[in-house]
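Each reported figure results from applying straightforward, stated rules to the coordinates on display, with no laboratory input. All values derive from a computational prediction rather than experimental measurement. Reconstructed Cβ throughout: ideal geometry from the backbone, glycine too, with neighbour counts over all protein chains shown.
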Amino acid sequence: MNKKTIQRTFTGVVVAAKMAKTLVVRVERTVVHPKYGKRYVQSKKFHVHDEAQAHKAGDTVTFRACRPISKTKCWRVLTQPSQK
């Protein structure tokens, strides 16, 4: 019996691309406060592997979970940079 695993996928904005083959991507999500009902934005940063080193700060990227690549990297870029 084959089990299909659902891999987590996120879309975010590249904050930094200074390391070799690594991007720092910020993902924002909107949350509703449980008591007061106010909406606010929470963000989290992920270290993402970019083999081609094709992305730069400000780009929007989609990335997916993968095997651990280093201590902090267990994400891999899916999208290619758009040509302008």
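A quick yes/no check of all residues on (1) in contact with a Lys or Arg (Cβ under 9 Å, 6 or more places away or on another chain); (2) in a loop (DSSP other than H, G, I, E, B); (3) aromatic (Phe, Trp, Tyr):
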{"position": "5", "(1), (2), (3)": "no, yes, no"}
{"position": "12", "(1), (2), (3)": "yes, no, no"}
{"position": "44", "(1), (2), (3)": "yes, no, no"}
{"position": "63", "(1), (2), (3)": "yes, no, yes"}
{"position": "74", "(1), (2), (3)": "yes, no, no"}
query = From the list 26, 39, which residue is without any contact (Cβ under 8 Å) to a residue 40 or more places away in the chain and closer than 22 Å to residue 80 by Cβ?
reply = 26
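Could you pull out the residue among 17, 57, 52 that is assigned to a loop (DSSP other than H, G, I, E, B) and either of a type in the set (Ser, Thr, Tyr) or surrounded by 10 or more Cβ atoms within 10 Å (Cβ to Cβ) (or both)?
57
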query = What is the one condition in (1) of a type outside the set (Gly, Ala, Ser); (2) assigned to a loop (DSSP other than H, G, I, E, B); (3) in contact (Cβ under 8 Å) with a residue 40 or more places away in the chain that residue 67 does not satisfy?
reply = (3)
ask   = Going by the conditions given, is residue 65 surrounded by 11 or more Cβ atoms within 10 Å (Cβ to Cβ), out of contact with any strand residue (DSSP E or B) (no Cβ under 8 Å at 6 or more places or on another chain) and either aliphatic (A, V, I, L, M) or farther than 15 Å from residue 12 by Cβ (or both)?
value = no
